[in-house]
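Scroll down for the structure; my scribbles are underneath it.
The values are calculated or read from the model by the stated rules, or taken from the named source; none is laboratory data. All values derive from a computational prediction rather than experimental measurement. Here Cβ is always computed from backbone atoms with ideal geometry, including for glycine, and neighbour counts include all displayed protein chains.
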Amino acid sequence: MFSDYSLAELGSIFVMQGFAGLILFSVFVLMALGLAIIFGQMGVINMAHGEFMILGAYVTYFTSQFFLNYLPGLFGIYFFIAMILAFIAAGALGMAVEWLMIRRLYKRPLDTLLATWGLSLILQQIYRSVFGPREVGVELPGWMMGSLPVTDSIEMQINGLFVMGLTICITIAVALLMYRSNWGIQVRAVVQNRIMAGAVGINTEKVDRYTFGLGCGIAGVAGSAFTMIGSTGPTSGQLYIVDTFLVVVFGGAQSLLGTIASAFTISQAQSTLEFFLSGSMAKVLTLLGVVIILMLRPQGLFVIKVRR
Amino acid sequence: MSSNNDNHDKFSGTRRRLLQGMAALPLLSTTSLFSGSAFAQAPATSAVNTTGLAVTDTEVTVGILHSVTGTMAISETGSVQAEKLAIEQINASGGVLGRKIKFIQEDGASDWPTFAEKAKKLLVNDKVAAIMGCWTSASRKAVLPVVEQYNGMLYYPTFYEGLEQSKNVIYTGQEATQQILAGLDWVQKEKGGKTFYLIGSDYIWPRTSMKIARKHIEGHLKDSSVVGEEYFPLGHTQFNSVINKIKLKKPDVIYAAVVGGSNVAFYKQLKAAGIDLSKQTLLTISVTEDEIDGIGGENIAGAYSCMKYFQSLDNPNNKEFVAAFKKMWGEKTVIGDVTQAAYLGPWLWKMTVEKAGSFDIDKIAEASAGIEFTKAPEGYVKIHPNHHLWSKTRVGQAQLDGQFKVVFETANLIEPDPFPKGYQ
């Protein structure tokens, strides 16, 4: 398929294709991070993850509307405020859900699966009843649209760069929080041995609530960022959930590093295959690869040894 | 005609059989036995309703069957709104055969077996005289055996892949050849399109449509070729790789049938990748005003869409329709192709009932061919004996404000051809 093109053309296509793969990688990390925290640290499978993301997207939509109508001069920077609000809204809802529902189900992991799936249906219908069944279009400030010409034939998507930057910031923040802060020590202590952690004076219930809230908050930020590349509607969250679980399970549930490695592997495989094959076929082969690797290594790519 | 629905048999068995037999004969031909027949003026219920439908001296009940919950609610809401508007207008103008239309609304919940179950409920328990409903092909395929078995009448609004025809269904949207061929002819002639890149979601409608498009491009358009054809799973949100491929192949025309959430992602990423739709010709068969609401006008401005109806159509019928629609459902609502087609359903049914002088399903199926609706927002439409509509095809260019500017319309009505020869 390449015989008709010059070397320069091919070169620039490969650069752009590599960039496309990196964007996909950032998107995967961003969507999986919140789920990985909740799943990894608490063992809760949050099927409503996509709905927390869409809450962030709706918050972004309303912030954009607010700025358009009342503060048009500051429209250029509304997105940063929207992301903070999305984090707060999704995090607060997450903590409320943890308090009302999840904490009663810690000893019944399969029931949490069912309960959070039910929660996702409830949230979808609430979005539909409150915000209407139609999709909404989130308007972006001018500087975030279009692409940056690097050379004559190579262009980088600005929103792609934005997602990459955001992913790096959030990943570093989470890593610092988990491995360098007092709170992170408490979380890891609870993961390793809940009873012992309680015995040495860690308020395990509080740790659980904040962990769940943090995971949901990050989902909210992800949803907010994805308004740049995807749709915002009551059921849009469903578009991301399968890929999200794929990344988390493939990476090995308890490891941040595993999530990142798995997002990288899957995104590169998918984006390369998509370029050479058709879209559906690429997806089939990617899934097939993941299934085979999980058969050989059921615990995922990376595992932390935990005393159960 | 094998549908012997004994379950509503309140009337004399012989008479029913006689009527069914009479209705069966002319179905094969286009001549109508009952048109202009004796009972044309608001007659007694016993005369216009011989099969036990829910018709009283003052009321007739129809069913509305769409998804108002689940993924498809996004699309089907507009159809429900249009059908309710049409019913309200018909009632305000005197109803059908002197009877007010009452509707029973059921929710298909974006789940195809639910559609079938609700259709059965409407036909068997509520004995509705007609069903306005379904949206996706999958829901129609689920409902079809039910309306055939219980002898109901379904008015189906969506443009679809064709390859279907039923006594019990009136298709008020376009079938694939009506929507596709004229648009491709136009894009080749006006835009000089010679190389096409086909891209769609991976299910029956885009695949069948692309098959027809490819046959037309390769067989009927001069020196034109397809340089790429791709399908993506429903819900796919990452199009950067295929956009790079499009950049490499530099097709004259991108021909798109991507649906749902993927649609939004596709156009946002095209825009982000620096593909300027005012320079790169893109023709789509899956974007109406409804979809632009989600995509955002600034992301799709410049693209062309091939439909039979656009909200911006400049004719008196449409102006009246748009004003009435906005009055009922709010200033901000938009009206897409399917919404308009859904609006036709109740009106076509009313006119057919009045022509047949009866609510009986067999007589309506029989009388449908040749029904003309001169007040249709899209202009004049007429029911073909194959139960699809004669309609014009139009090309609109998407504008920043989310509306389309009509840039082309076929001179004549296009004949519906659900089983196109040479395109399968």
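Brief remarks on what is shown
Table: residues versus (1) out of contact with any Gly (no Cβ under 8 Å at 6 or more places or on another chain); (2) acidic (Asp, Glu).
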position: A:77; (1), (2): yes, no
position: A:81; (1), (2): yes, no
position: A:90; (1), (2): no, no
position: A:98; (1), (2): no, yes
position: A:105; (1), (2): yes, no
position: A:111; (1), (2): yes, yes
position: A:120; (1), (2): no, no
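- Test for residue A:21: is it within 21 Å of the chain's Cα centre (by Cα) and either within 11 Å of another protein chain (Cβ to nearest Cβ) or without any contact (Cβ under 8 Å) to a residue 60 or more places away in the chain (or both): yes
- Candidates A:64, A:6: the one that is of a type outside the set (A, V, I, L, M) and surrounded by fewer than 14 Cβ atoms within 10 Å (Cβ to Cβ) is A:6.
- Output for region A:274-289, where each listed residue is crowded, with 19+ Cβ neighbours inside 10 Å and farther than 13 Å from residue B:232 by Cα: A:286
- Residues located in region B:188-224, provided they are surrounded by fewer than 16 Cβ atoms within 10 Å (Cβ to Cβ) and under 23 Å from residue B:302 (Cα atoms): B:189, B:190, B:191, B:192
- Candidate set: region B:257-281, residues that are hydroxyl-bearing (Ser, Thr, Tyr) and either within 28 Å of the chain's Cα centre (by Cα) or facing another protein chain (nearest Cβ under 7 Å) (or both); chosen: the one surrounded by the most Cβ atoms within 10 Å (Cβ to Cβ): B:267
- Tabulated pairs, region A:135-158, first at the interface with chain B (Cβ under 9 Å from one of its Cβ atoms) and free of Cβ contacts under 8 Å to residues at least 24 places away in the same chain, second in a loop (DSSP other than H, G, I, E, B) and of a type outside the set (Phe, Trp, Tyr), C-beta under 7 angstrom, 6+ apart or interchain: A:146/B:274; A:147/B:273; A:147/B:274; A:158/A:145; A:158/A:146
- Residue A:298 meets the conditions (1) part of a loop (DSSP other than H, G, I, E, B); (2) within 14 Å of chain B (Cβ to nearest Cβ) in every case but one. The failed one is (2).
- Test: residue in region B:331-352 that is more than 14 Å from chain A (Cβ to nearest Cβ), in contact (Cβ under 8 Å) with a residue 60 or more places away in the chain, touching a strand residue (DSSP E or B) at 6+ places or on another chain (Cβ under 7 Å) and polar (S, T, N, Q): no
- The one condition in (1) closer than 30 Å to residue B:247 by Cβ; (2) surrounded by 21 or more Cβ atoms within 10 Å (Cβ to Cβ) that residue A:211 fails to fulfil: (1)
- Residue A:297 vs. criteria surrounded by fewer than 24 Cβ atoms within 10 Å (Cβ to Cβ), closer than 15 Å to residue A:38 by Cβ and of a type in the set (Lys, Arg): no
- Of all the listed residues (B:261, B:235), the sole one being in contact with a Leu (Cβ under 7 Å, 6 or more places away or on another chain), modelled with pLDDT under 90 and not in a loop (DSSP other than H, G, I, E, B) is B:261.
- Every condition in (1) surrounded by 20 or more Cβ atoms within 10 Å (Cβ to Cβ); (2) closer than 30 Å to residue B:278 by Cβ is met by residue B:358 except one, and the failing one is (2).
- Region A:121-134 residues that are touching a residue at least 12 places away in the same chain (Cβ under 8 Å) and within 11 Å of another protein chain (Cβ to nearest Cβ), paired with ones that are part of a helix (DSSP H, G or I) and of a type in the set (A, V, I, L, M) (beta carbon under 7 Å, 6 or more apart): A:127/A:54; A:128/B:73; A:133/B:73; A:133/B:74; A:134/B:74
- Residue in region A:221-228 that is surrounded by 19 or more Cβ atoms within 10 Å (Cβ to Cβ) and part of a loop (DSSP other than H, G, I, E, B) present: yes
- As a summary of the residue check, residue A:175 satisfies the conditions (1) free of Cβ contacts under 8 Å to residues at least 24 places away in the same chain; (2) surrounded by fewer than 20 Cβ atoms within 10 Å (Cβ to Cβ) except for the one numbered (1).
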